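Asker: Shown below is the structure under consideration.
The values are calculated or read from the model by the stated rules, or taken from the named source; none is laboratory data. None of these values were measured; they are calculated from a predicted model. Methodologically, a virtual Cβ is constructed for each residue, glycine included, from the backbone with ideal geometry; neighbour enumeration extends over all protein chains shown.
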Amino acid sequence: MKKVLLFAFAFLLCQLTFAQEETDDEYDEDETELNDSLVVDTTNLEDIQADNYLEDFLHEIGYYFDTANVPAMQSYTRWDMRKIHPYEQKIDSIADSTLLILTDGEDCFFHPPTVGRTTSGFGIRRWGRRYKFHYGTDLKLSTGDPVYAVFDGVVRIAQYSSSYGYVVVVRHYNGLETIYAHFSKLLVVPGMSIRAGEPIGLGGSTGRSTGPHLHFEVRYKGVAFNAEKIIDFSTNTLRSDSVYVDMNLFDHIKEVKRINAAKYHKIKSGETLGHIARRYGTSVRAIQRLNGMRGTNIRAGKTIRVR
């Protein structure tokens with residue numbers, strides 16, 4: 001009976017369509033939008049209320065998962081199987097010098113997510129005239145290649161996102177969460193316990209992706225940090241069995257604040273520089289100076305910097 005219910009769950013789960021929350025124009029091209037969330041479409045599920053969380057849906061179809069057993073609840077106050085980034089953690093409220101034991105050599109292990117080379121690292125990227133922050137490490141793979149959980153944990157998200165494509169989020173017992181994006185196929189469901197080295201999906205290019213690769217993120221309390229600080233992707237090994245959570249782990253935050261200070265706008269049909277300037281509380285002359293413009297002629301579809 002349990003197997004029948006689990007198969008029914010997997011089938012119905014595949015029928016759900018998810019959409020990203022509406023974002024401002026300046027984020028439309030960001031393949032790893034920081035505030036991406038998953039919203040359940042209950043069009044074909046008349047018995048499920050539209051505002052129900054996925055946990056409620058799981059209970060409705062007989063898949064019972066005791067959320068009291070989720071990992072690292074001493075560090076997290078929420079277990080959300082709908083939103084990829086449900087936390088509102090500020091970096092300055094994270095305690096300095098918190099030691100996380102990544103592996104213990106007994107029953108907690110590490111496995112690389114894939115064996116492909118790094119194609120794009122963590123940090124600032126240029127998008128045309130804009131600079132944006134890339135919160136993950138992109139690893140080369142081919143469509144259909146298996147991707148593995150890096151540590152033991154429980155699957156919190158296994159769904160489709162318009163930016164990440166088919167994405168899996170795993171909460172680990174060591175206190176970290178990892179994100180794996182752009183799968184062609186998912187091999188896990190929310191609430192599933194997973195061991196390091198077990199396959200969680202097949203590589204692909206879904207969502208905002210220009211070719212097959214794995215977008216891999218490591219987060220602590222919802223705040224991303226450079227995965228290469230704990231993983232040597234050239235040897236596919238951990239740099240250490242433990243890591244200190246302190247401001248050195250999040251030294252990129254200043255860069256993020258700096259590039260986020262710049263604002264961009266995609267011009268819509270009928271807009272003028274005056275309209276745009278008033279919207280952003282600036283002046284036509286300031287916009288002209290930022291974009292090297294001499295006149296006031298603008299073209300719909302073009303992106304300009306406004307701050």
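Asker: Condition check: among the charged types (D, E, K, R), in a helix (DSSP H, G or I), surrounded by 12 or more Cβ atoms within 10 Å (Cβ to Cβ) and modelled with pLDDT under 85. Does R289 satisfy that?
Answerer: no
Asker: Okay, moving on. Let me confirm something: among T137, T114, which residue is within 16 Å of F225 (Cα to Cα), hydroxyl-bearing (S, T, Y) and at pLDDT 85 or above?
Answerer: T137
Asker: May I pose another question? Which one is nearest to R156 (Cα to Cα), of the residues in the range 201-212 that are in contact (Cβ under 8 Å) with a residue 40 or more places away in the chain and surrounded by fewer than 23 Cβ atoms within 10 Å (Cβ to Cβ)?
Answerer: Here the residue is L202.
Asker: Residues L202, L214: which one is farther than 17 Å from V70 by Cβ, modelled with pLDDT of 95 or more and touching a Lys or Arg at 6+ places or on another chain (Cβ under 7 Å)?
Answerer: Within the list L202, L214, the selection yields L202.
Asker: Turning to a different aspect of this structure: Only one residue in S209, S205, S163 is within 12 Å of the chain's Cα centre (by Cα) and assigned to a loop (DSSP other than H, G, I, E, B). Which one?
Answerer: The unique qualifying residue is S163.
Asker: Being assigned to a loop (DSSP other than H, G, I, E, B) and loosely packed, with under 12 Cβ neighbours inside 10 Å is the filter; apply it to the range 269-286 and report the residue that is modelled with the lowest pLDDT.
Answerer: So, considering only residues that are assigned to a loop (DSSP other than H, G, I, E, B) and loosely packed, with under 12 Cβ neighbours inside 10 Å, the one modelled with the lowest pLDDT is G281.
Asker: State all residues of the range 164-188 that are farther than 20 Å from G144 by Cβ and touching a helix residue (DSSP H, G or I) at 6+ places or on another chain (Cβ under 9 Å); if no residue qualifies, say none.
Answerer: Residue satisfying the conditions is T178 alone.
Asker: Here is a further query. Evaluate the following for E255: is it outside any loop (DSSP other than H, G, I, E, B) and over 22 Å from Y76 (Cβ atoms)?
Answerer: For E255, the condition - outside any loop (DSSP other than H, G, I, E, B) and over 22 Å from Y76 (Cβ atoms) - is met.
Asker: For T178, indicate whether it is polar (S, T, N, Q), under 18 Å from K83 (Cβ atoms) and assigned to a strand (DSSP E or B).
Answerer: yes
Asker: Could you list, ordered by first residue, the pairs with Cβ atoms under 7 Å in which the first is in the range 266-280 and more than 12 Å from R299 (Cβ to Cβ) and the second is surrounded by 12 or more Cβ atoms within 10 Å (Cβ to Cβ) and among the basic types (K, R), at least 6 apart or interchain?
Answerer: Every condition considered, the pairs that remain are Y280/K263; Y280/R307.
Asker: Tell me, which residue of the range 140-181 that is among the polar types (S, T, N, Q) and under 29 Å from Y244 (Cα atoms) is modelled with the lowest pLDDT?
Answerer: Among those residues, the one meeting the criterion is N174.
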